[in-house]
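The values are calculated or read from the model by the stated rules, or taken from the named source; none is laboratory data. Owing to the predicted nature of the structure, the values given are computational and were not obtained by experimental measurement. Here the Cβ positions follow ideal geometry from the backbone for every residue, glycine too, while neighbour counts run over all protein chains shown.
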Amino acid sequence: MRTILHSDLNNFYASVEIKRNPYWREYPLCVIGDPRDRHGIVLAKNNIAKAMGITTGMVLWQARQICPNIICVIANFDEYLNFSRRVRAIYEDYTDRIEPFGIDEAWLDVTESQKLFGSGQEIADKIRERIKNEIGITASVGVSFNKIFAKLGSDMKKPDATTIITYQNFKEKVWGLPVQDLLYVGKATTKKVSKMGIETIGDLANTPVNYLVEKLGAWGKYLWEFANGLDASPVKKMGQSSIIKSVGNSMTPPCDIHSPLEAKVVVTMLAESVASRMRKYGVGKARIVSVFMRDSTLKSFTRQQKYALSTNNSFDIIHRAMSIINRYYNFSTPMRSVGISVSDFDRDYEQLCFWKDAQELKKRQDIVVEKIRKKHGFSAISRANILFESKLLGIDVENTHTIHPMSYFNK
């Protein structure tokens with residue numbers, strides 16, 4: 001049976017800031033996005049701030065209302081990446097099967113490593129101690145026989161703790177937990193299964209799988225397997241690439257978006273970046289275009305559309321994204337941020353098109369723009385509609401506002 005660890009660096013951004021400025025250790029602290037770019041929301045907080053009611057995602061002014069003396073630090077992602085790399089170097093001393101899950105989390109397969117370093121719990125404890133002594137921050141580690149339960153274990157006891165979930169005790173430890181504690185059960189899925197009378201992970205595990213598939217589609221089968229400890233997905237070796245399931249970018253512009261015309265300016269920038277990254281990663285062409293929309297009250301939702309003809313050029317992505325926005329957003333409330341992603345790739349073949357010459361022209365235009373930007377900088381060339389939005393000129397969307405979801409499954 002496998003031995004999988006999931007290491008989660010506790011309050012990572014906040015812990016790094018306190019490590020760099022120990023004076024802040026005794027005060028409530030939160031890490032925020034840069035308010036000058038309208039990213040002034042809480043990205044992380046220390047335990048003192050958490051105890052006072054500060055939550056991740058809270059707007060800065062709300063945090064200051066709750067805690068007027070809170071220390072707010074603008075996120076320094078270069079520094080966080082540096083700390084993450086130092087922690088990764090510790091993991092490498094124990095295994096080469098390390099799969100990151102964000103900048104502050106990773107799975108480790110230590111099945112074979114136990115011959116050298118002891119049991120999974122002993123390895124987890126050694127890693128925690130080294131992170132604390134050598135890096136100056138703490139980690140919680142879950143130890144189990146699969147990735148899902150290892151992740152669940154790292155969440156069960158914080159900070160600086162090791163939690164063991166075995167094949168023999170997982171029903172006792174896991175099944176009584178709320179269903180939303182299970183990885184990949186988000187708010188929308190929680191609402192759906194709650195209507196089905198499923199409140200705990202045990203409820204999910206004991207629901208007939210055919211009923212879950214009927215109500216949730218193929219994803220219902222995966223969730224049933226997760227709840228029953230049947231996750232067999234491997235921990236990838238370092239450097240082993242994941243199958244890219246979607247490519248996307250999002251952006252919060254310097255000012256709210258009040259009309260479809262203004263939205264198209266931002267969509268244009270995002271679509272150019274998405275099309276460029278699609279070619280860079282060689283994912284082929286996409287049939288599905290998804291648009292994430294958040295209004296000025298911070299309410300958000302995502303809508304998507306599947307098309308018969310796949311594409312990888314920015315012109316089509318712009319058109320398809322705008323058709324979604326025009327259908328689902330009326331701008332009675334200004335739009336604060338928007339994101340675009342594409343998925344359902346044709347990797348091994350190309351869909352033929354009666355308008356092949358027109359498609360080829362769009363593709364060549366995208367490639368020429370990329371070459372100019374690579375040689376002379378991102379701002380060297382822009383579409384005409386962007387030139388009328390001076391606040392957006394010069395923003396390198398691809399390198400500044402990236403979301404790049406990767407597939408969890410290796411199937």
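Here are the numbers:
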{"item": "Close pairs from the stretch 53-66: first closer than 10 Å to VAL42 by Cα and touching a residue at least 40 places away in the same chain (Cβ under 8 Å), partner part of a loop (DSSP other than H, G, I, E, B) and small (Gly, Ala, Ser), Cβ under 7 Å, at least 6 apart", "result": "VAL59/GLY40"}
{"item": "Among residues of the stretch 175-207, those that are closer than 24 Å to ILE127 by Cβ and free of Cβ contacts under 8 Å to residues at least 40 places away in the same chain, counted", "result": "1"}
{"item": "So TYR222, is it under 23 Å from the mean Cα position of the chain (by Cα), at pLDDT below 95, hydroxyl-bearing (Ser, Thr, Tyr) and assigned to a helix (DSSP H, G or I)", "result": "yes"}
{"item": "VAL267, sole failed condition from (1) within 24 Å of the chain's Cα centre (by Cα); (2) under 30 Å from LYS173 (Cβ atoms); (3) not aromatic (Phe, Trp, Tyr)", "result": "(2)"}
{"item": "Sole residue being of a type in the set (Val, Ile, Thr), over 20 Å from the mean Cα position of the chain (by Cα) and closer than 16 Å to ASP8 by Cα, chosen from ILE148, ILE123, ILE71", "result": "ILE123"}
{"item": "Residue ID - farthest from PHE117 (Cα to Cα), chosen from residues in the stretch 3-28 that are free of Cβ contacts under 8 Å to residues at least 60 places away in the same chain and among the acidic types (Asp, Glu)", "result": "GLU26"}
{"item": "Qualifying position, being closer than 30 Å to TYR91 by Cα, outside the structural domain of GLY33 (by TED's automatic domain parsing) and of a type outside the set (D, E, K, R), among GLY186, GLY197, GLY217", "result": "GLY186"}
{"item": "Qualifying residue in the stretch 9-19 (condition: assigned to a strand (DSSP E or B), modelled with pLDDT of 95 or more and under 24 Å from the mean Cα position of the chain (by Cα))", "result": "yes"}
{"item": "Total residues in the stretch 330-342, condition under 24 Å from the mean Cα position of the chain (by Cα) and over 14 Å from MET278 (Cα atoms)", "result": "5"}
{"item": "Filter pass, ASP231 being more than 28 Å from LYS191 (Cβ to Cβ), of a type outside the set (Val, Ile, Thr), touching a helix residue (DSSP H, G or I) at 6+ places or on another chain (Cβ under 9 Å) and surrounded by fewer than 22 Cβ atoms within 10 Å (Cβ to Cβ)", "result": "no"}
